[in-house]
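Engineer: Let me begin by handing over the structure; questions about it come next.
The values are calculated or read from the model by the stated rules, or taken from the named source; none is laboratory data. Please read these numbers as outputs of a predicted model, since none were measured by experiment. Positions of Cβ are backbone-derived with ideal geometry, glycine not excepted, and every protein chain shown enters the neighbour counts. To get the accessible areas, we keep the full protein, side chains included, count just its heavy atoms, and leave off ligands, DNA and RNA. Shrake-Rupley method; radii C 1.70, N 1.55, O 1.52, S 1.80 Å.
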Amino acid sequence: MAQRSISSFFFKGAAPAGAGAPATAVAADPTSPPALANDAEAADAPETGTLKRKRESGDEGARRDETPGTGTPGRSHDHGVSATDASVSPETRAAILAAAVPPSLAVTAGRDPRRRDAMRARLGEAVGSSDAKRREVRERFKWLDAKHIVDDKGRDPSHEAYDGNTVRVPRDLKLSASQKQYWDVKSKYRDVVLFFKVGKFYELYEDDAEIGCAALDWKMTVSGVGHCRQVGCPESGVEAATAELVRRGHKVGRIEQMETAAEAKARTGSKTAVIRRELLEGTSPATAVDGDLLPLGAKTTLAPPGAAHLMAIAEGPPSARANDAPNGRAARSQGSENVAETVAVGFAFLDAAAGTLRVGHFADDASSRVALSTLLTQTSPVEVLVRREDRGAEARVKAALADGGRARAASVASVSAHPDDARREDASFFPRHERDADDAIARFFGNENGIDGTEQGASSENARRLSAVLAEHPAETRCAVAALASHLTRLRRAAPLLAADAATHAVYAPSETARLDGPTVRHLELLCGPDGTREGSLLSKLDTCVTPGGSRTLGTWLAAPLRRADQIAERQDAVAFFGGFASDVEGAASARAETDETDGAHAAGRLRRALRRVPDLERCVGRARAASAANAADPRALPEPLAEKRHKRRVAALAAAVAAADAVAGALRDVED
């Protein structure tokens with residue numbers, strides 16, 4: 001059923017006198033979106049649809065205009081004549097049609113349309129056709145069109161420093177006080193779908209409304225408090241809507257009411273005070289920690305088994321040193337020409353759901369970028385941040401991701417290194433120098449004395465551990481970590497990084513694992529099949545793990561197979577024991593080996609049955625880490641409902657981690673018995 005304005009339920013347009021012909025709907029603008037065109041038809045011709053539904057409701061009075069057996073319309077059994085017969089007089093035809101209309105609809109059809117317009121005006125609705133209202137809205141917000149849009153610095157998309165995450169709102173745009181709150185935030189977060197809290201509802205406006213209409217199948221209107229294109233939902237449905245939008249790859253945020261109407265009046269002393277609203281937090285596919293990637297209606301709280309990484313990549317100038325390059329020995333042997341073609345690359349990636357941060361660096365070939373492709377193949381990031389000043393970095397990362405053959409491409413964003421953005425919490429910053437990076441990391445952890453300062457607290461302890469890890473890496477790696485910190489601060493989502501467990505990730509580990517670069521992994525279809533999904537890959541054929549953590553570990557092993565004989569033998573012995581395979585033994589040890597094989601097979605069966613009941617321990621611990629750092633990440637005094645929700649989330653995360661640990665311990669005890 002198409003939506004209609006409130007006043008259309010009270011006042012219907014009058015039918016032409018002496019005729020039962022339905023009113024003709026106003027044609028929708030052909031340039032408007034399909035959803036808007038349908039809305040125009042429904043809004044301008046509600047009477048026809050109302051009469052039709054009433055006549056088809058099943059009562060006998062509405063069925064009298066149909067001849068039994070033939071289904072011929074226009075025949076009245078009470079009068080014995082046809083309403084379409086040319087021999088019938090106009091007076092008789094009008095009486096027949098009037099008798100076919102129920103009394104309740106006859107009263108509605110005779111109401112004055114001027115009264116309907118007056119009621120619309122009282123309700124704050126624009127008086128006139130839907131087509132005119134949409135034209136007015138399009139003209140009012142034409143500055144959002146691609147040919148008119150500029151960022152907050154006034155740069156259009158053709159400018160090399162254009163920031164697509166911001167938008168300049170015209171100063172002469174007439175806005176209500178609440179709408180000014182929305183557009184003040186939206187001007188700095190154009191890349192985020194923003195839910196705006198109005199009473200007991202959450203609303204999306206303009207471009208965000210188009211996303212909600214397409215992704216959630218919500219009906220779009222051009223009236224209401226927004227005075228623009230908008231969709232919305234009650235507060236009970238915003239969690240499911242957020243989950244679906246994040247699952248589709250959008251960043252989603254909420255502008256919450258930070259006080260009640262009574263508190264706003266007491267604060268300002270005015271009866272018309274505007275409730276204070278602020279952006280509470282943002283969620284993206286790479287920062288979801290509470291099962292936000294689930295489809296609508298899902299009951300489980302487990303995220304998909306694959307890790308969703310947020311990665312930052314920083315490139316340094318071409319270096320004459322090739323010591324860290326995988327092919328450094330060959331480069332040095334061939335002279336200085338090949339050595340000069342290497343570039344230093346630092347990276348950091350965060351698995352917010354697991355609460356882990358991995359950092360590293362490498363020297364890559366400036367032309368082939370094989371190491372970069374290998375890193376992206378190993379980690380499969382969902383979001384990638386590159387420095388805008390690193391010319392061509394965004395194109396190189398996109399090309400490497402495209403060559404990876406993944407079915408779902410990652411989003412790549414270029415971040416400015418301008419010093420003015422260093423201390424802004426509503427802007428992302430990607431430093432170029434080591435000192436700026438250290439200052440940004442220290443501010444993120446709340447330690448103005450430096451990243452390895454002396455302040456106490458859990459976040460300071462994590463900062464010191466991170467400082468110890470970063471001591472082994474060059475400035476590019478520190479810049480990448482600082483970019484992650486700035487990005488999460490902008491999204492009000494700093495908790496996963498504050499509590500993350502930091503360690504070093506080696507793209508190539510020659511002493512332990514075989515070197516498999518990105519093209520090799522793709523061509524062998526180790527992790528992805530021909531269509532970019534797991535189907536048809538070696539991982540899909542070997543993965544019989546009963547836990548998501550086991551599937552992730554198996555994928556890591558396949559991408560980096562062992563090369564040391566002792567480690568390979570140890571892994572094979574474990575597989576032989578739990579699989580019940582025959583061992584190559586001789587003499588007196590054969591009987592003991594057969595007993596071990598039987599015990600191992602039984603133990604493997606008990607272990608698999610026990611692990612099926614175990615939740616994803618790694619994800620549970622990650623959620624508990626993030627929940628424990630929530631207050632440090634956002635020290636704002638929240639209203640009681642929001643503070644209570646945060647407290648419940650924290651308690652639930654800690655309880656889930658404890659329950660998961662108990663379940664794992666119980667599974668191990670079952671195997672030992």
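Engineer: Being under 27 Å from the mean Cα position of the chain (by Cα) and touching a residue at least 24 places away in the same chain (Cβ under 8 Å) is the filter here; which residues of the range 169-191 pass it?
Structural biologist: Val169, Ser178, Gln179, Gln181, Tyr182, Val185, Ser187, Lys188, Tyr189, Arg190, Asp191, listed by residue number.
Engineer: Being touching a residue at least 40 places away in the same chain (Cβ under 8 Å) and open to solvent by 10 Å² or more (accessible area, probe 1.4 Å) is the filter here; which residues of the range 388-404 pass it? Write out each step before concluding.
Structural biologist: Just the residues of the range 388-404 that are touching a residue at least 40 places away in the same chain (Cβ under 8 Å), to begin with: 388-390, 393, 397, 400, 403-404.
Hits for the range 388-404 are Arg388, Glu389, Asp390, Ala400, Asp403, Gly404.
Here is a yes/no grid of residues against (1) open to solvent by 90 Å² or more (accessible area, probe 1.4 Å); (2) among the charged types (D, E, K, R); (3) at pLDDT below 70:
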residue: Asp420; (1), (2), (3): yes, yes, no
residue: Arg423; (1), (2), (3): yes, yes, no
residue: Ala427; (1), (2), (3): no, no, no
residue: Phe444; (1), (2), (3): no, no, no
residue: Thr454; (1), (2), (3): yes, no, yes
residue: Glu461; (1), (2), (3): no, yes, no
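Engineer: Regarding Lys147, is this residue more than 20 Å from the chain's Cα centre (by Cα) and not in a helix (DSSP H, G or I)? Break it down into steps so the answer makes sense when it comes.
Structural biologist: Details: more than 20 Å from the chain's Cα centre (by Cα): yes; not in a helix (DSSP H, G or I): yes.
Yes; evaluated as a whole, the condition is true for this residue.
Engineer: Being within 20 Å of the chain's Cα centre (by Cα), buried (at least 18 other Cβ atoms within 10 Å of the Cβ) and touching a residue at least 40 places away in the same chain (Cβ under 8 Å): is that true of Val359 here?
Structural biologist: no
Engineer: Same structure again: Select from the range 249-266 the residues that are surrounded by 15 or more Cβ atoms within 10 Å (Cβ to Cβ) and part of a loop (DSSP other than H, G, I, E, B) and list them in ascending order.
Structural biologist: Just the residues of the range 249-266 that are surrounded by 15 or more Cβ atoms within 10 Å (Cβ to Cβ), to begin with: 249-259, 263-265.
Residues satisfying the conditions are Gly249, His250, Met258, Glu259.
Engineer: Mind listing whichever residues of the range 201-226 are in contact with a strand residue (DSSP E or B) (Cβ under 6 Å, 6 or more places away or on another chain) and modelled with pLDDT of 90 or more?
Structural biologist: Phe201, Tyr202, Glu203, Leu204, Tyr205, Asp208, Ala209, Ile211, Gly212, Cys213, Trp218
Engineer: Confirm whether Glu239 is open to solvent by 40 Å² or more (accessible area, probe 1.4 Å), in a helix (DSSP H, G or I), more than 29 Å from Asp421 (Cβ to Cβ) and touching a Lys or Arg at 6+ places or on another chain (Cβ under 9 Å).
Structural biologist: No.
Engineer: Could we say that Gly232 is open to solvent by less than 30 Å² (accessible area, probe 1.4 Å) and either modelled with pLDDT of 90 or more or among the acidic types (Asp, Glu) (or both) here?
Structural biologist: The answer is no for Gly232.
Engineer: Among the residues of the range 609-661, what is the count of those that are of a type outside the set (A, V, I, L, M, F, W, C), open to solvent by less than 60 Å² (accessible area, probe 1.4 Å) and part of a loop (DSSP other than H, G, I, E, B)?
Structural biologist: 4
Engineer: Let me ask you something else. Can you name every residue in the range 179-229 that is open to solvent by 40 Å² or more (accessible area, probe 1.4 Å) and basic (Lys, Arg)?
Structural biologist: Passing the criteria: Lys180, Lys188, Arg190, Lys200, Lys219.
Engineer: Condition test on Arg321, is it out of contact with any strand residue (DSSP E or B) (no Cβ under 8 Å at 6 or more places or on another chain) and at pLDDT below 90?
Structural biologist: Here the answer is no, as Arg321 does not meet what is asked.
Engineer: Now a separate question. If only one of Val343, Val384 is in contact with a helix residue (DSSP H, G or I) (Cβ under 8 Å, 6 or more places away or on another chain) and touching a residue at least 24 places away in the same chain (Cβ under 8 Å), which one is it? Step through it out loud before you land on a result.
Structural biologist: Details: Val343 fails: in contact with a helix residue (DSSP H, G or I) (Cβ under 8 Å, 6 or more places away or on another chain).
The match here is Val384.
This table checks each residue for (1) over 30 Å from Ala442 (Cα atoms); (2) open to solvent by less than 50 Å² (accessible area, probe 1.4 Å); (3) out of contact with any His (no Cβ under 6 Å at 6 or more places or on another chain).
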site: Ala482; (1), (2), (3): no, yes, yes
site: Ala485; (1), (2), (3): no, yes, yes
site: Arg492; (1), (2), (3): no, no, yes
site: Ala503; (1), (2), (3): no, yes, yes
site: Thr513; (1), (2), (3): yes, yes, yes
site: Pro519; (1), (2), (3): yes, yes, yes
site: Gly529; (1), (2), (3): yes, yes, yes
site: Arg534; (1), (2), (3): yes, no, yes
site: Thr547; (1), (2), (3): yes, yes, yes
